[in-house]
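Every number in this text was worked out from the coordinates using simple rules, so none of it is lab data. Note that the structure is predicted; figures quoted are calculated from it, not measured. All Cβ positions, even for glycine, are placed from backbone atoms using ideal geometry, and neighbour counts span all protein chains on display.
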Amino acid sequence: MKFERASGIILHPTSLPGPDGIGDLGPEAYRWVNFLADSDCHLWEVLPLGPTGYGDSPYQCFSAFAGNPYLISPALLLEQGLITRGDLADRPDFPVDHVDYGEAIQWKLKILDRAYLRFNQTKHPALWVEFGLFKTTQSFWLQDFALFMAIKASYGGVSWENWPQLLRKRERKALESFMRNEAQEIERHMFRQFLFYHQWNELKKYVHTKDIKIIGDIPIFVAYDSADAWSHPELFFLDDDGRPAVVAGVPPDYFSPTGQLWGNPLYRWDVHQQQEYAWWVERLKSTLQLVDIARLDHFRGFGGYWEIPYGLPTAEIGRWVHGPGRDFFEVVRAVLGDLPIIAEDLGVITPDVVELRDRFNLPGMKVFQFAFSSDSTDPFLPHNYPQQCVAFTGTHDNDTAVGWYQTAPESERDFIRRYLARSGDDIAWDMIRAVWASVATFALAPLQDVLSLGPEARMNLPGRPYGNWTWRMRPNTLTDDVARRLREMNTLYSRAELETPEKTPVKLDYQG
């Protein structure tokens, strides 16, 4: 699919400000969209929106289809009448510059339980009809997910490999018995998904009134401890007890000298092919209901992937195995048509992966931060970009531009100063200017770079098991001056449209 020249910002909703310990889909999200519109940015990129588990990583979710209930806004529940102001009276005093996931999750679940109780008490006709329709339209994954989460809760949150054998293996009578005994708990999880989808879809409608598109993210692999692996074990390399034989990761690279041991179960692509990739078709359809464009993470895994024997401590030992290749994309295209997909083609890229990307006209990625350990022929330098690509100052896996510059070898610092003909005193915006000026169809930067923040604002350090995904923007950070500066970049480099749609007002008076 051909994209039009535009620019945007990477900001996951968890990083938004707000009173409830973690960014959400409420008033601050609408303010954020207004800021993008005022800046003449037409793209908003988010990380995967699924329900996070151990380590709080959006790339290790309990489902490839479900939404993250911690993103549900209490402010919007209050507006709907699903909670009262009294329900918010015992809100903890949360930090403003980072997410304390333990405390924030406990608070959000408390609020969601109060909303579910009130929903059952009030029997609001319109909401009940909408909830029923939601359960029908999302039937492919919703029942399995809610059942998975209810069983997990009943056994203290342990991974499904540690459940009783009959439940682990989905024995029919055992599941039916559990569903009868825990019907309300199962519905509670369905209701949380209903709230997430409702709030996200309303926000997405507002985004579209501002002529902005949302770029989402599809991790190629699913978490082992997920409803997907539990409910469809035949699609993965799992043994008779449901344990993985081999797992996913990448060999040593720019990010990590020992590689990245992700631990995700690997697909049995032969089984997927026999089923005409039905599970993947549903996954893509589901994601593209939530976002406008999908960044297909670890695209090279469709050409070939790194297979690591289960139980090893690092990803250094493994082997490359062929992926489904063109057959997958031909089947998907035949069913869904040309897909608005960006291929995350970073890392070890071989000719077959390039051929696969180009055969289906998928734009790849260029990360400016990677360009300075080589010479003028480096493909990450803007003068070497093809037009059919998406350029970034950095991504969620990089240090911020300022943090990178502070710690880069002097040879790289000298190279970028000479390349940009700048002193380096305003390095983040110098890099933004170079990426925006390039021929790349899309130009994006993390908000941390727009704000010229240092390493304290880094979102993720690959290979670090804790302390990631916590950064939050402080309140009142998005000033008119920042918007004006972005708007100037977009005007100078033809990334702003001459006519913008009439701005739609939104209610933003909630104070909690």
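Suppose R0 equals 25 Å; then what is the FRET efficiency for His383 and Val354 from their Cβ-Cβ distance, rounded to the nearest 0.05?
On the way: r = 20 Å, r/R0 = 0.79.
Once the sixth-power term is evaluated, E becomes 0.80.
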Given points 7 Å out from each Cα along the Cα-Cβ axis, report the Asp375 to Gln289 separation in nanometres with one decimal. 5.3 nm
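Taking the DSSP beta bridges in the chain as the whole, what percent of them are antiparallel, to the nearest 5? Don't skip to the end; give the middle numbers.
Details: 15 of 40 bridges.
Just about 40 percent of them are antiparallel.
Can you compute the helix-only [θ] at 222 nm over the chain? Use -39500 (n - 2.57) per DSSP H run of at least 4 residues, normalise by all residues, nearest 500 deg cm²/dmol.
Working: 18 runs with 198 residues, N = 512.
Theoretical 222 nm ellipticity from helices: -11500 deg cm²/dmol.
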At R0 = 25 Å, FRET efficiency that the Cβ-Cβ distance of Ala278 and Leu133 yields, to 0.05: 0.60
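For Val335 and Ser177, calculate 0.36 nm times their separation in residues minus their Cα-Cα distance, and state this gained length in nm to one decimal. Show your work: numbers first, answer last.
Working: separation 158, 0.36 × 158 = 56.88 nm, distance 3.76 nm.
Extending this stretch completely gives an extra 53.1 nm.
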So what are the ³J(HN,Hα) numbers for the range 293-302, from phi and the Karplus equation (6.51, -1.76, 1.60; θ = phi - 60°), rounded to whole Hz, Gly and Pro as x? 9, 10, 8, 8, 5, 6, 3, 4, x, 7
Cβ-defined net charge surrounding Cys61, 10 Å radius [Lys, Arg +1; Asp, Glu -1]: -2
Using a 10 Å cut-off on Cβ atoms, rank the peptides 451-457, 427-433 from the highest mean neighbour count down. 427-433, 451-457
In whole Hz, with x marking every Gly and Pro, tabulate ³J(HN,Hα) for the range 162-167 from phi via Karplus 6.51 cos²θ - 1.76 cosθ + 1.60, θ = phi - 60°. 9, 6, x, 4, 5, 6
Which of Lys366, Lys173 comes first, and how do the rest follow, when ranked by fewest Cβ neighbours within 10 Å? Lys173, Lys366
Rounded to the nearest Å, the spacing of the alpha-carbon centers of the range 24-88 and the range 416-493 is 22 Å
Correct choice for semi-axes √(5λ) of the Cα gyration tensor in Å that was computed from the model, options (i) 55, 20, 18; (ii) 114, 53, 17; (iii) 36, 30, 21: (iii)
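Where does each of 209-222, 113-126, 484-497 land if you order them by average Cβ count within 10 Å, highest first?
The densest-packed peptide leads the list: 209-222, 484-497, 113-126.
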Relative contact order for the chain, counting Cα pairs under 8 Å that sit 6 or more residues apart, in percent: 21 percent
Radius 13 Å from Cβ of Arg243, net charge of other residues (Lys, Arg +1; Asp, Glu -1): -3
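Fully extended, how many nm does the chain gain between Glu456 and Asp113 (0.36 nm per residue separation, minus their Cα-Cα distance)? Walk me through the intermediate numbers first.
Values: separation 343, 0.36 × 343 = 123.48 nm, distance 3.42 nm.
Taking 0.36 nm per residue and subtracting the Cα distance, the gain is 120.1 nm.
Could you sort out which of Lys123/Lys205; Lys110/Lys135; Lys123/Lys169; Lys210/Lys366 sit more than 30 Å apart by Cα distance in this structure?
Values: Lys123/Lys205 26 Å; Lys110/Lys135 23 Å; Lys123/Lys169 36 Å; Lys210/Lys366 27 Å.
Flagged as over cut-off: Lys123/Lys169.
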Whole-Hz ³J(HN,Hα) for each residue in the range 303-313, computed from phi via Karplus 6.51 cos²θ - 1.76 cosθ + 1.60 with θ = phi - 60°, x for glycine and proline: what do you get? x, x, 9, 8, 9, 10, x, 4, x, 6, x
Residues whose built amide H sits under 5 Å from the amide H of Glu182, excluding neighbours closer than 5 in sequence, are none
So if I take the centroid of the Cα atoms in the range 302-335 and the same for the range 348-409, what is the distance between those two points in Å? 22 Å
Under a crude label model (7 Å from the Cα following the beta-carbon direction), how far is Ala437 from Asp327 in nanometres? 4.8 nm
What are the DSSP H helices in the chain that stretch 30 Å or more along their long axis, judged by alpha-carbon atoms, and whose average Kyte-Doolittle hydropathy comes to at least 0.5? none
Sequence-distant residues sharing a close amide H with Ser7 (under 5 Å, placed H): His42, Leu43, Ala443
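Could you give the length gained by full extension between Thr407 and Lys169, i.e. 0.36 nm per residue of separation minus their alpha carbon distance, to one decimal place? Walk me through the numbers on the way to the answer.
Details: separation 238, 0.36 × 238 = 85.68 nm, distance 4.97 nm.
Working it through step by step, the gained length comes to 80.7 nm.
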Note to self: C-alpha centroids of the range 140-168 and the range 188-232 sit apart, in Å, by 20 Å
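Please report Thr314, Thr287 as a ranked list, fewest other C-beta atoms within 10 angstrom at the top and most at the bottom. The partial results should precede the final answer.
Numbers: Thr314 17, Thr287 21.
Taking fewest neighbouring Cβ atoms as first place, the list is Thr314, Thr287.
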